[in-house]
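To keep things clear, I will list the structure first and then write my remarks on it.
The values are calculated or read from the model by the stated rules, or taken from the named source; none is laboratory data. The structure presented is a predicted model; accordingly, all values stated were derived computationally and were not measured. Every residue, glycine as well, gets a Cβ built from its backbone with ideal geometry; the counts of neighbours run over all protein chains shown.
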Number of protein chains: 2
Amino acid sequence: MSSQVSLPQGFQTAGMSCGIKQNGRPDLALFVSSIPASAAGVFTKNRVCGAPVIVSRSRVPTSSGRAIVINSGNANAATGEQGLRDAEQMTSSVAATLGCGTEDVLVCSTGVIGVQLPMTLLQQGIPSVVAALGDSPRHLEEAAAAMMTTDTFHKISSREITVNRSRITVTGAAKGAAMIAPNMATMLGVIMTDAQLTPEQAHRILQHGVDRSFNCITVDGHMSTSDTVLLLANGAAGIPTSEPLEQEVTEAVRQVCEDLATSIIRDAEGADHFITVDVAGFADREQAERIAREICESALVKTAVTGADPNWGRIVSAAGYANVPFEAEQLSLRINGVQVYRAGTPEDFDEADLSRQMREQRDVHFELMLEGGPCSGSASARFWTSDLTAEYVRLNSDYTT
Amino acid sequence: MSSQVSLPQGFQTAGMSCGIKQNGRPDLALFVSSIPASAAGVFTKNRVCGAPVIVSRSRVPTSSGRAIVINSGNANAATGEQGLRDAEQMTSSVAATLGCGTEDVLVCSTGVIGVQLPMTLLQQGIPSVVAALGDSPRHLEEAAAAMMTTDTFHKISSREITVNRSRITVTGAAKGAAMIAPNMATMLGVIMTDAQLTPEQAHRILQHGVDRSFNCITVDGHMSTSDTVLLLANGAAGIPTSEPLEQEVTEAVRQVCEDLATSIIRDAEGADHFITVDVAGFADREQAERIAREICESALVKTAVTGADPNWGRIVSAAGYANVPFEAEQLSLRINGVQVYRAGTPEDFDEADLSRQMREQRDVHFELMLEGGPCSGSASARFWTSDLTAEYVRLNSDYTT
């Protein structure tokens, strides 16, 4: 998570202000591969989705990906036919400037919804952002900063894989949930690598990484109209991808995704605590995920953490309504390593001490385990969330028309 | 919802303090039919459930129901084998005092979890509460009050059906979600009627009523370990139940359930607004329910209402992730009768005026409609919820050990 992360070979990025945000903050980001790259994408499943989602989704997977253009300050969502034309126009302007095909450019937008994009500003900005491209850490930071809405810090991460004397790099940037009215809780991520992947490999690796990171975080369970994570793999490292190497790239992408996803939770609006939820001992991962998600989305669990209350009752009862079969008398729970519930009944523990610990530390760890019975198994899942504070309510109910 | 509601013929109730609540408030309620009644129950689906749920669930439907005993102040949940023995003991004590079979008595408990019941207090209290039974409105109010945990008012409702010169009465009492730590969000309801129903009819009628009332309210989506609604139908009105009469009884039970359920929302902790969500135009009721539930459970929707923000984006995007197929460009939304979104795009409306209305009025009404497309249909659903305020967070994060 150092800011001194390197771009993979053959990539350049840029970020700048083109005037969409009236406060002059950066609002236009560009990620470019100098050679055609395999491109993959994972998108919001919301039926109500932004125009850029519709455009980008139709263009991946592909073997000819060249660029990703992102604006912040306006989500181009709930904007009808005009919105679709504008999203396509953004990509064709980038393509014309770069000299590639329109279909080789992907697009994301984040910000207010229901307002048409200021296309004049974007049309003026695109040649400037292309002219600003570079491959230094600063260029990556500027691109990451131009994706932000109400994030308080930019989010970048990188991993390197050494193969003989050569190197493969996986580098990503993301922005988090910005839920202040009238924005939506949009999460965007861009992953770049100089590994050599087919479009199908790129999609499989990205989906795996997203399933274990961005899909394992939840602030309030509200799925945005614009959530998008894109991967460009341009092969510029010049290393053929053996099966063991594919495993390494898969793991590097997952790690970068996890870094970015947990940064989003650490930057969640109005949050006091960072909560890691481990669920283990279930028949399959999907069951463990369902339970972890219910715990993470329970307002009662989150407010208990806010109040530094080791309230095992709220946690195990959230597990109980996740629609997963298990024997309640086989369920156990640790909070910050302290056994508070075992085999379906509360344990004696030093409640005041655990509460003090929860009050003093930012990180809280729940470990819920099914420890036997015909429904148990060896599958686990890890989720992350933040607590629910009065400040969250204030931020999200602060209406300023 | 008048407090001057009558009990159906052949029923007596009582409520008193037996000392479970240390503040001396009433904590023991009893509902008795003088003759065997058809009894039905609908219970929490939580895998982690209280001992009384296990005991009562095993005894319905039955044609020999005689009594329902309820204590507040202790949920008898997460109490293991001892909890089960205590729940059974409560019913056998009532049965011995009334002179009926143990199996003919149902039991509910609500309050703190993970603490064994104070059985000495209950054993002493049960003969007293039997001695206090009566059939006046005051007796019903006392029983309803003894079910309460953090409710601020007792909840009772009644409907009458006139058949020739005779009368059938349906009367209910409920308690709402009490979520202050370490309590759970438990909802309990008791419906009594002197209609003549088979156990199967009783179950069908109760399930229908609950599905359109208690199952359509949500404060925070946290399903309790103890939620229970019970129906006793003793036939004391002496009127055979024709098919048209069964329809009337079904509707009366539904109305009583709706009165009680909406009272629970009006009494939700820390809530400023009462929100009614109507979803229409979908292929089946289950789809409409899924969408209504997602809207009601979205923290972003609820905080927008708190802030008097007519934020259509949060509402339609919550509909979009309900996992229901529909054409986004056919979706429309009214807030308090004002069209704010039509055919997938925002409408021009007087935002400041609608916001002022939302600020000044306690009731808010959303109407989401699918107005065409191959996924549309004629099914609808109505849900109720409250908004999410800083006061809710304060109440639920207020840890007082």
Reported set for region B:75-88 where residues are more than 19 Å from B:G65 (Cβ to Cβ) and either among the polar types (S, T, N, Q) or in contact (Cβ under 8 Å) with a residue 12 or more places away in the chain (or both) is B:A75, B:N76, B:A77, B:A78, B:T79, B:Q82, B:G83, B:L84, B:D86
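Does region B:195-205 include one or more residues that are closer than 30 Å to B:E297 by Cα, surrounded by fewer than 17 Cβ atoms within 10 Å (Cβ to Cβ) and in the same structural domain as B:G80 (by TED's automatic domain parsing)?
Start the filter on region B:195-205 by keeping residues that are closer than 30 Å to B:E297 by Cα, which leaves B:203-205.
Narrowing further to those that are surrounded by fewer than 17 Cβ atoms within 10 Å (Cβ to Cβ): B:204.
Subsequent filtering for residues that are in the same structural domain as B:G80 (by TED's automatic domain parsing) retains B:204.
Yes, region B:195-205 has at least one match.
Give the residues of region A:83-93 that are buried (at least 22 other Cβ atoms within 10 Å of the Cβ), of a type in the set (G, A, S) and under 18 Å from A:A29 (Cβ atoms), sorted by residue number. I'd like the intermediate steps shown before the answer.
The initial filter retains those residues of region A:83-93 that are buried (at least 22 other Cβ atoms within 10 Å of the Cβ), namely A:83, A:86-87, A:90-91.
Next, from what is left, pick out any that are of a type in the set (G, A, S): A:83, A:87.
Across region A:83-93, the qualifying residue is only A:A87.
Any idea which of B:R204, B:R293 is among the charged types (D, E, K, R) and either at pLDDT 95 or above or part of a loop (DSSP other than H, G, I, E, B) (or both)? Write out each step before concluding.
Details: B:R293 fails: either at pLDDT 95 or above or part of a loop (DSSP other than H, G, I, E, B) (or both).
Selected residue: B:R204, the only one of B:R204, B:R293 that is among the charged types (D, E, K, R) and either at pLDDT 95 or above or part of a loop (DSSP other than H, G, I, E, B) (or both).
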Only one of (1) in the same structural domain as A:R334 (by TED's automatic domain parsing); (2) surrounded by fewer than 18 Cβ atoms within 10 Å (Cβ to Cβ); (3) of a type outside the set (K, R) does not apply to A:P240, and that is (1)
Checked region A:266-290 for anything crowded, with 23+ Cβ neighbours inside 10 Å and either part of a strand (DSSP E or B) or among the β-branched types (V, I, T) (or both); matches are A:V277, A:V279, A:F282
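Could you look through region A:3-42, keep only residues that are polar (S, T, N, Q), in a loop (DSSP other than H, G, I, E, B) and in contact (Cβ under 8 Å) with a residue 12 or more places away in the chain, and pick out the one that is surrounded by the fewest Cβ atoms within 10 Å (Cβ to Cβ)?
From region A:3-42, those polar (S, T, N, Q) are A:3-4, A:6, A:9, A:12-13, A:17, A:22-23, A:33-34, A:38; that's our starting set.
After this cut, where a residue has to be in a loop (DSSP other than H, G, I, E, B) as well, the list is A:3-4, A:6, A:9, A:17, A:22-23.
Now restrict to residues that are in contact (Cβ under 8 Å) with a residue 12 or more places away in the chain: A:3-4, A:6, A:9, A:17.
Working: A:S3: 12, A:Q4: 10, A:S6: 15, A:Q9: 21, A:S17: 19.
Restricting to residues being polar (S, T, N, Q), in a loop (DSSP other than H, G, I, E, B) and in contact (Cβ under 8 Å) with a residue 12 or more places away in the chain, the top hit is A:Q4.
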Filtering region A:52-91 down to residues that are assigned to a loop (DSSP other than H, G, I, E, B) and of a type in the set (K, R) yields A:R59
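Which residue out of A:G80, A:G99, A:G114 is farther than 29 Å from A:G176 by Cβ, of a type outside the set (A, V, I, L, M, F, W, C) and surrounded by fewer than 24 Cβ atoms within 10 Å (Cβ to Cβ)?
Working: A:G80 fails: farther than 29 Å from A:G176 by Cβ; A:G114 fails: farther than 29 Å from A:G176 by Cβ.
The unique qualifying residue is A:G99.
Name the residue, out of A:S386, A:S397, that is touching a helix residue (DSSP H, G or I) at 6+ places or on another chain (Cβ under 6 Å), among the polar types (S, T, N, Q) and within 25 Å of A:D259 (Cβ to Cβ). Step through it out loud before you land on a result.
Numbers: A:S397 fails: within 25 Å of A:D259 (Cβ to Cβ).
Every option except A:S386 fails the conditions.
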Here the qualifying pairs (Cβ atoms under 6 Å; residues six or more apart or on different chains; first in region B:125-144 and farther than 13 Å from B:D27 by Cβ; second in a helix (DSSP H, G or I) and at pLDDT 95 or above) come out as B:P127/B:T97; B:V130/B:T97
Listed by first then second residue, the pairs whose first member lies in region A:269-288 and is over 13 Å from A:E371 (Cα atoms), whose partner is in a strand (DSSP E or B) and among the acidic types (D, E), with beta carbons under 6 Å and at least 6 positions apart or on separate chains, are A:F274/A:D363; A:D278/A:E367
From the option list B:C100, B:C18, single residue qualifying as at pLDDT 95 or above, assigned by TED's automatic domain parsing to the domain that holds B:R159 and closer than 19 Å to B:K175 by Cβ is B:C18
Over region B:326-341, the set of residues at pLDDT below 95 and surrounded by fewer than 17 Cβ atoms within 10 Å (Cβ to Cβ) is B:E327, B:E329
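For region A:85-116, which residues satisfy the criterion of being of a type in the set (A, V, I, L, M, F, W, C), within 20 Å of A:T186 (Cα to Cα) and under 24 Å from the mean Cα position of the chain (by Cα)?
Taking region A:85-116 and keeping what is of a type in the set (A, V, I, L, M, F, W, C), we get A:87, A:90, A:94-96, A:98, A:100, A:105-108, A:112-113, A:115.
The next check asks that each one be within 20 Å of A:T186 (Cα to Cα); those that pass are A:87, A:90, A:106-108, A:112-113, A:115.
Once the filter is applied, which keeps residues that are of a type in the set (A, V, I, L, M, F, W, C), within 20 Å of A:T186 (Cα to Cα) and under 24 Å from the mean Cα position of the chain (by Cα), region A:85-116 yields A:A87, A:M90, A:L106, A:V107, A:C108, A:V112, A:I113.
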### Task
Would you be able to say whether some residue in region A:243-265 is at pLDDT 95 or above, touching a Ser or Thr at 6+ places or on another chain (Cβ under 8 Å) and not in a helix (DSSP H, G or I)?
no
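Among the residues of region A:38-63, write down those that are of a type in the set (A, V, I, L, M, F, W, C) and away from chain B (no Cβ under 14 Å).
Pass one, region A:38-63, residues of a type in the set (A, V, I, L, M, F, W, C): A:39-40, A:42-43, A:48-49, A:51, A:53-55, A:60.
Scanning region A:38-63 gives A:A39, A:A40, A:V42, A:V55, A:V60.
Select from region B:309-348 the residues that are β-branched (V, I, T) and either touching a Lys or Arg at 6+ places or on another chain (Cβ under 8 Å) or in contact (Cβ under 8 Å) with a residue 40 or more places away in the chain (or both) and list them in ascending order. It would help to see each step written out before you state the result.
Step one: of region B:309-348, the residues β-branched (V, I, T) are B:315-316, B:324, B:335, B:338, B:340, B:345.
Hits for region B:309-348 are B:I315, B:V316, B:V324, B:V340.
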By residue number, the members of region B:107-127 that are touching a strand residue (DSSP E or B) at 6+ places or on another chain (Cβ under 6 Å) and at pLDDT 95 or above are B:V107, B:C108, B:S109, B:L117, B:G125
Checking B:I113, B:I126 in turn, the sole residue that is within 30 Å of A:I315 (Cβ to Cβ) and aliphatic (A, V, I, L, M) turns out to be B:I113
*State whether the residues of region B:360-373 include one that is over 30 Å from B:D284 (Cβ atoms), in contact with a strand residue (DSSP E or B) (Cβ under 7 Å, 6 or more places away or on another chain) and crowded, with 19+ Cβ neighbours inside 10 Å.*
no
ask   = Taking B:G111, is it in contact with a Gly (Cβ under 8 Å, 6 or more places away or on another chain) and at positive phi?
value = yes
Exception for B:C108 within (1) within 14 Å of chain A (Cβ to nearest Cβ); (2) surrounded by 24 or more Cβ atoms within 10 Å (Cβ to Cβ) falls at (1)
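Does A:G111 satisfy being in a strand (DSSP E or B) and either touching a Leu at 6+ places or on another chain (Cβ under 9 Å) or not assigned by TED's automatic domain parsing to the domain that holds A:G41 (or both)?
Details: in a strand (DSSP E or B): yes; either touching a Leu at 6+ places or on another chain (Cβ under 9 Å) or not assigned by TED's automatic domain parsing to the domain that holds A:G41 (or both): no.
So A:G111 fails the test.
Determine whether region A:142-158 contains at least one residue that is in a helix (DSSP H, G or I) and either more than 17 Å from the chain's Cα centre (by Cα) or surrounded by fewer than 18 Cβ atoms within 10 Å (Cβ to Cβ) (or both).
Filtering region A:142-158 for residues in a helix (DSSP H, G or I) gives A:142-147.
Next, only the ones that are either more than 17 Å from the chain's Cα centre (by Cα) or surrounded by fewer than 18 Cβ atoms within 10 Å (Cβ to Cβ) (or both) stay: A:142.
Within region A:142-158, one or more residues are in a helix (DSSP H, G or I) and either more than 17 Å from the chain's Cα centre (by Cα) or surrounded by fewer than 18 Cβ atoms within 10 Å (Cβ to Cβ) (or both).
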State yes or no: is B:R47 outside any helix (DSSP H, G or I), touching a residue at least 12 places away in the same chain (Cβ under 8 Å) and in the same structural domain as B:V170 (by TED's automatic domain parsing)? no
